[in-house]
Structure formats: structure tokens, C-alpha cells
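Encoded as C-alpha cells, the structure appears first; notes follow it.
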Amino acid sequence: MKENSLIKFINKPIFQDKRFILFVFILFSTIAVVQQLLLGQLNNYYIFKYVYYHLIEYKDLYSHYPAEYIDSNYYGPFFGLVIAPFALLPDWLGVLFWNLFNTVMLFYAISKLPVSDKNRAFIYWFVLIEFMTSEQNLQSNPFITALFLFTFLMFEEEKPFWAAFFIALGGFIKLYLFLGVAFFLLYPKKGKFLLSMVFWSVIMFALPMLFVSPHQLILDYEQFYSSLVLKVATNHQISLTGLIKFNFYPEISSYYIMGIGVIIFISVYLRKQAFKQKTFKLLFLASVLIWSVIFSPGAESPTYIIAMTGVAIWFVVSEKNALNIGLLVFAFILTSLSPTDIFPHYVRYEIIQAHALKALPVVLIWFKVIYQLLFYDTTKEYA
């Protein structure tokens, strides 16, 4: 089967040059910041910024502050320390450096993946539109994607101490990043990893005490947990939950869907004999990245940089047959392009968004990934 046009495009030397790709990513990130500054649309950045200020002012991190931003904060108290270097700067400079930080973290993490230069270039270009969507929304999702990748890479290098660091760092920012723990069963030194998890978890739990009292911090963590429980119960956006609720069964419980997702996800551990195979581990990484989005009730369009990075990794380690190419093109069109002006306004909002259809291709690909993990001959290498 002939390579599709995107792969032919990427095969040109300039489009595999990491310096050129980094330039494009930085350019897109900067354009996104300038656009939002001109429009005065910094709401998401204000949510992040005020995690730090509300933390040091002993305010409830999860109350509504309409004078400062719209919506609610769903980040942990520890995030106040992460955002602090940016929050202390003037807004225009803080938001610029915040977006560039996300850009560099994602770019560097992808650059370290154990795939060929051609396949790495494919991953960069394939996720570029989703990256731009996230950057326009000033979101943390490129950084979160990088944390998943860094966790995988540290396990690959047999550095469980640092794998635990990245899991704890992510988990104390966004709770679902503790999903990175799923990798540890595929790698040796499990005892060292578990001890390291305890060590880093204690450190990151306690670090906000540099700014607040232990009592206030406990209250913050309680409110963090309560806000997440409420979000799971009431927020069903662009996810498998949204697909089912908006199209088939409005009364179904998010916890029921997530429970089934967990059972399917852990079924791949039955293939213990494949744990050492490169293809298996990269497919598992793809599964983790996609699962973290499609089973998240609060998944939004900018979150899909995480899932689409998983889709790209799945594709480069899979056979380039008609089914896989078809799924990839379906995801690129419906998932990546659907929020853009390529689709008419009515189609974007009244059909795709109203029915959570952005999630559909990625859901189908996740089940394909699971099928490959369970049944395919993962000794075949395509990366």
C-alpha cells in the first residue's frame, strides 16, 4: 500500500529536521499567546495564576472568583508551586513563558521516544493542530503529555526513582496522572519504585507547607478531592461517557463506564510474556495516553493533545494497513480538525460538539490498541 500524503510530506528532509520542527512549534505557541493577548482571553491562565495567589493568601482554591476568572480550578495545591514562577511575572510575560514552557517540555519528551527519526517527525506533525488548540487555550496539556512520556522514558532507562518523581509531580497537579503507575508492572525494580513513590508523594504533599499551615493544606486537599468527585458526577464532555450519554443512554453512571474501562485496560497484563518487547511497551504507552482522556468525564477539546499523541505513537508502531490508515485519517479529520473553521459553525457546534463526536475516532483507536496488545504478534517492529 502506498504511503499517504502526510507521510510523503514528512519524508522530505526539512520536515524531519528537529530544529525546524521546534521553530514551528515555538512560532505557533507564540502566535497563540499574541492572539489571546489581543483578544483579552486569558481566563485559563488566570485560573492557573490564582492557584498560587489563593494558596499563599489562605483562600479556598476551589471556590468561584468571578472577579478574577470564569469557571473553577481543578488543579491540586501543589500546582501553585509549579505556576509560581510564571504567576509572579507581568501577565503578558507570564503567559508567554507558560506557553513556551509547555512547548519545550512536549517537544523534548517526544524527541526522546525510542522510535526512528522519520516516525518521530510524524508524531510531531500529526499532533501539531491539537498542540495549537491547547496553546490557544493556554492549557497545561502539553506539559501533562510530557509528564506521561517522561515517566515511560524513565522506566525504559530503568530509573524507577525518577519515574516515581514524574508520576508524583503529575499526580499532585492533576490526579489522573497517577495513571502512570500502570507502567511499573512492565518493568523491574518494583520495590525501589514503590519506595520512591512513597518518598516523592510525601515530599510533594508537604511542599505547599512552605506557604500555608498544615491545617490549611489539609483543607485544600479535602476541597480538591470534593471538586473532582463533583466533576466526575456532573461533567461529561468530550469523552466516552459523553458519547454514551449524549447519544444513547443519558442515565448511565460515569463510574460504571470508568470501571469497565479499568477492567479492559488491565486485561493487557495477561500478556506478561510480551512485557519486554518494544512494540508492546509503546502500544501500552499509547493506551495510557488515550485512556487518560477518553475515560475522563471532564475531557475538553484542548485535552486531546494527550490522546492524539497516543494515537500517533500507536500508528508508528503498527502495521500500515488500510484499517489503521483509515482510523488515523478519521481521527485527524474528526478529532483534530473539527474545532477549526474547516467545519461550518453549525456542524461544529450542533452536531460534533453536541454529540461529543470528537471522541469517537480516538475511542475506536483505543479499542484497536487493546486488541493489538492482547492478540497481535508484537514481535513485529514498525517504529
For the chain, which whole-number percentage of the solvent-accessible area (1.4 Å probe, protein heavy atoms only) is attributable to carbon and sulfur atoms?
68
Please compute the volume of the convex hull spanned by the alpha-carbon atoms of region 63-124 and report it per residue in Å³.
135
Per residue, in Å², the accessible surface of region 247-341 once ligands and nucleic acids are set aside, probe 1.4 Å
37
With 0.36 nm assigned to each residue of separation and the Cα-Cα distance removed, L22 to I264 gains 83.5 nm
Could you give the size of the charge dipole of the chain about its Cα centre, using +1 on the Cβ of each K and R and -1 on the Cβ of each D and E, expressed in debye and rounded to the nearest 20?
1320
Kyte-Doolittle mean at least -1.0 and Cα axial length at least 15 Å: DSSP H helices in the chain
18-39, 43-56, 91-111, 117-136, 141-156, 160-171, 190-206, 214-234, 254-266, 278-294, 304-316, 360-375
At what distance in angstrom do the alpha carbon centres of region 324-366 and region 128-184 lie from each other?
24
Gyration tensor over alpha-carbon atoms, region 189-313, equivalent ellipsoid semi-axes in Å
28, 25, 14
Determine, at each q value in 0.12, 0.18, 0.25 (inverse angstroms), the log₁₀ of I(q)/I(0) that the Debye formula gives when each Cα of region 163-219 is one equal point scatterer.
-0.31, -0.63, -0.97
From the residues V317, F172, P302, which one has its Cα farthest along the dipole of the chain in the positive direction, the dipole being from +1 and -1 charges on Cβ of Lys/Arg and Asp/Glu about the Cα centre?
V317
Under 29 Å between C-alpha atoms, the lysine pairs in region 62-200 lying 8 or more places apart or on different chains count 13
Tell me the per residue accessible area of region 14-53 using a 1.4 Å probe; a whole number in Å² is fine.
52
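Treat every Asp and Glu Cβ in region 127-237 as -1 and every Lys and Arg Cβ as +1, leave all other atoms uncharged, and give the resulting dipole magnitude about the Cα centre to the nearest 20 debye.
The calculation lands at about 280 debye.
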When you count, for each residue, the other Cβ atoms within 10 Å and take the mean per peptide, how do 103-116, 298-311, 256-269, 339-352 rank with the highest first?
298-311, 103-116, 256-269, 339-352
To the nearest 20 debye, what charge dipole does region 248-351 have about its Cα centre, counting +1 at the Cβ of each Lys and Arg and -1 at the Cβ of each Asp and Glu?
720
Work the Kirkwood hydrodynamic radius out for region 1-149: mean of 1/r over every pair of different alpha-carbon atoms, inverted, in Å.
16.6
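Net charge within 12 Å of R271 by Cβ-Cβ distance, Lys/Arg positive one each and Asp/Glu negative one each, not counting R271 itself?
After counting each charged neighbour, the total is +2.
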Find the relative contact order for region 233-300 and round it to a whole percent, using C-alpha pairs within less than 8 Å whose residues are 6+ positions apart.
61
Mean-square fluctuation check for the chain, GNM, Cα pairs under 10 Å: which of W92, W366, W200 is largest?
W92
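The values are calculated or read from the model by the stated rules, or taken from the named source; none is laboratory data. These numbers were taken from a predicted model, which means no experiment stands behind them. No Cβ is skipped: glycine too gets one built from the backbone with ideal geometry, and neighbour counts run over all protein chains shown. These accessible areas exclude ligands, DNA and RNA; they are computed on the full protein's heavy atoms, side chains included. Shrake-Rupley method; radii C 1.70, N 1.55, O 1.52, S 1.80 Å.
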